[in-house]
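The values are calculated or read from the model by the stated rules, or taken from the named source; none is laboratory data. Everything numeric in this text was worked out from a predicted model, so none of it was measured. Neighbour counts run over all protein chains shown; Cβ positions are idealised from the backbone, glycine included. We work out accessible area using only protein heavy atoms, side chains counted, and drop any ligands, DNA or RNA first. Shrake-Rupley method; radii C 1.70, N 1.55, O 1.52, S 1.80 Å.
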Amino acid sequence: MSDDKLNLLNFNRQSLEAWFIEQGEQKFRATQILQWIHQYGVQDLNEMTNLSKSLRQRLLETTEIKLPEIALEQTAKDGTRKWLLRLADGNCIEAVFIPEDDRGTLCVSSQVGCALNCSFCSTGQQGYSRDLSIAEIIGQVWIAVRSLSADNKKHDHKVTNVVMMGMGEPLLNFDNVVAAMNIMMDDFAYGLSKRRVTLSTSGIVPAMQRLAEVSDVALAVSLHAPNDALRDVLVPINKKYPLRELLAVCKDYFKKDTRRMITMEYVMLDGINDSPQHAQELIKILRGIPAKVNLIPFNPFPGTQYKRSPQIVIDRFRDLLYSAGYTTITRKTRGDDIDAACGQLVGKVNDRTTRTRKLLRDIPITAAQ
Ligand code: SAH
Ligand code: SF4
């Protein structure tokens, strides 16, 4: 059985170097392997021609390169592409690629489900199953890069940015997410700059402090409400880490390095958090934090009580923030025809009967539509 073999996708440069040294091998083997796997997309150790035959043989016996399986791949009319990936234990996760004029952003999942139960989030409604391994996180990037380059003639977009905004709370899977982001930023792997890798968090304050120590990726904070009473309802983790503590840690994040970027995410929920008073309150609490604000039109899903704010309300909210000096972007809704908002496709699959779920497990690979 391959179960006891080490999956080479679970290593970043640091841990792979340590592993090779432990094996009595040269440290530079690590960068060679990373290049083969992540830059050249090679899965077969026999093709890694700059490794000696005996080393290849030993690696074949003890290691493997095991990726999640593509259960479904869909491309929306606007080029947004979504992969439903089946993990070895049968669980499914999603990754979404969003092409824009000047960039291609891949939205990556960090957990199967999420325990934090935000009331407007499809993933939150599904509950938490488990953390993803490093291999399962970086495997999403591997699969997206290969799938897009195979299709280069139709969509000449590349993955230029990664956002940890898929399923799950990345800071509750801290070590694996940080290691996977290291691989994204490693010149011997995907070589993305720290400004092009963004971690989005619902506000796990102690883990944000830890992140500032070990990584300088861009940070996005899921704020969604300008006061504790409302945030307690929308983002229940607020009861544990209230706004005062969350905003204090955001200020610290800047103090350490003023070039660091923080984006405040704010989902626009009709009649809930979108009034001019909410905008004024938001301006007040953000004072002293040079953050950008990202307004996200709510993506409805079956069974939700919320509605998306009308465009005119979103524009009014944006204008108020803008006149107070905040760079404010309204996120475009993309891939509506394929349920591209993260968590939605898995949500649908899990809503189906066991029979359908089993069927989906049995689908080998579905070609892009
Ligand atoms: N758990 C992390 C990252 C994943 S969610 C976090 O909460 O930040 C990524 C972003 O999508 C978050 O800002 C989240 O609040 C937002 N989001 C979740 N459900 C949404 C929905 N139905 N419509 C719009 N945005 C949503
Ligand atoms: Fe979890 Fe983020 Fe969804 Fe909240 S918004 S339930 S933290 S994935």
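Assorted remarks:
- Elements of type helices (runs of 4 or more DSSP H) contained in segment 214-299, each with 1 or more residues being within 16 Å of ligand 2 (Cβ to nearest atom) and at negative phi: 228-234, 243-256
- Helices (runs of 4 or more DSSP H) completely within segment 96-210 that count 1 or more residues being within 15 Å of ligand 1 (Cβ to nearest atom) and open to solvent by 50 Å² or more (accessible area, probe 1.4 Å): 122-125
- Residues located in segment 225-236, provided they are open to solvent by less than 10 Å² (accessible area, probe 1.4 Å) and either at pLDDT below 95 or within 21 Å of the chain's Cα centre (by Cα) (or both): 234, 235
- For residue 260, the conditions (1) touching a residue at least 12 places away in the same chain (Cβ under 8 Å); (2) more than 21 Å from the chain's Cα centre (by Cα) all hold with the exception of (2).
- Subset of segment 329-346 that is closer than 30 Å to residue 86 by Cα and modelled with pLDDT of 60 or more - its residue that is least open to solvent (accessible area, probe 1.4 Å): 335
- Within segment 277-328, the only residue that satisfies the criterion of being within 17 Å of residue 261 (Cβ to Cβ) and open to solvent by 80 Å² or more (accessible area, probe 1.4 Å) is 290.
- Residue-level analysis places residue 239 outside the set of residues that are surrounded by fewer than 18 Cβ atoms within 10 Å (Cβ to Cβ) and closer than 25 Å to residue 71 by Cβ.
- Meets criteria (within 16 Å of ligand 2 (Cβ to nearest atom) and in contact (Cβ under 8 Å) with a residue 40 or more places away in the chain) for residue 198: yes
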